[in-house]
Amino acid sequence: MNRAPGDESRYIVCNVVVRGAYRRRGIGRKLTEAAIAEARKRGAKGVVIQVHEDNAPALQLYSHLGFREVAAEVELRLEAIQPVAVLDSPGYHVRPWRPADGPASLELARLVTPQVWQWLRPLRPEQYAANRLADWGRRLTDRLGGRRVYRLAALHEEQLVALLTVTVALRRGEHRLALLVHPDHAGRLEAALVSRALHTLAAAPRKAVRAAVNREEKSLLAVLRDYGFQARRTLLTMSQDFQS
């Protein structure tokens, strides 16, 4: 059990694992109850736990102990990239991301990322480098890690409303695609930006592409499925708040 890095008044219950031969004896329940009790003792506001949706026994246990689902992340995978045409985005200006876009990008990320995920994985300004020196450092880190990162910004009336990040795996691993879209513009940009991502990846080493998407982002999920992405697993984030 650890403090949530984005909100130290909350605790993360993690890795509740029971050997197969000892399951169905209530051990998992007792361990989880002990973790909850310890968090209360330390004055926590609540606890958070994550579980895959297909883990029915664990999901049932956590629900019985008072946890409720607050967010769900769908992991999708595209096995093979096919050449695609780049679609237009009428009413929007799409251009390469610039370091000066950092503050607006961070603001967008904080807006569209569920709060509970920000407790678990805090969004930090350095992720959206706002100066050239920091941007250079991020690029160097990516190169040393065998990655090349492309970012595109979509603007509407000079306001940044979407951010596409394509991570090309030059050596190991798989390519990754991430897209942030302002809720007011959902359903208008996803197809155009995903088409640009796949067009870029068509020239990269032949690897699968992964994307992790908030299940509430229906438009993006539909576009990814239209391009051949298949859902692999869904990770649920569950929370239990303590009464003061």
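The values are calculated or read from the model by the stated rules, or taken from the named source; none is laboratory data. Computed from a predicted model, the values in this text were never measured in an experiment. Please note: Cβ atoms are built from the backbone with ideal geometry, for glycine as well, and neighbour counts cover all protein chains shown.
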Close pairs (6 angstrom Cβ cut-off, 6 or more residues apart or separate chains): under 13 Å from residue 67 (Cα atoms) and touching a residue at least 60 places away in the same chain (Cβ under 8 Å) in the range 28-45, aliphatic (A, V, I, L, M) and surrounded by 14 or more Cβ atoms within 10 Å (Cβ to Cβ) anywhere
36/47
Which condition breaks for residue 153 when tested against (1) part of a helix (DSSP H, G or I); (2) at pLDDT 95 or above; (3) farther than 18 Å from residue 73 by Cβ?
(1)
Kindly list the number of the only condition in (1) loosely packed, with under 14 Cβ neighbours inside 10 Å; (2) within 17 Å of the chain's Cα centre (by Cα); (3) small (Gly, Ala, Ser) that fails for residue 203.
(2)
Residue in the range 166-200 that is modelled with the lowest pLDDT, counting only those that are surrounded by fewer than 18 Cβ atoms within 10 Å (Cβ to Cβ) and not in a helix (DSSP H, G or I):
171
Name every residue in the range 22-76 that is over 30 Å from residue 209 (Cβ atoms), assigned to a helix (DSSP H, G or I) and hydrophobic (A, V, I, L, M, F, W, C), in order of residue number.
27, 31, 34, 35, 36, 37, 39, 61
Enumeration of residues in the range 104-130 that are surrounded by fewer than 15 Cβ atoms within 10 Å (Cβ to Cβ) and either among the aliphatic types (A, V, I, L, M) or closer than 13 Å to residue 162 by Cα (or both)
107, 110, 111
Restricting to the range 1-22, what's the tally of residues that are free of Cβ contacts under 8 Å to residues at least 60 places away in the same chain and surrounded by 12 or more Cβ atoms within 10 Å (Cβ to Cβ)?
9
Can you tell me which residues in the range 81-129 are within 16 Å of residue 195 (Cβ to Cβ) and either assigned to a helix (DSSP H, G or I) or among the hydrophobic types (A, V, I, L, M, F, W, C) (or both)?
81, 84, 85, 86, 87, 94
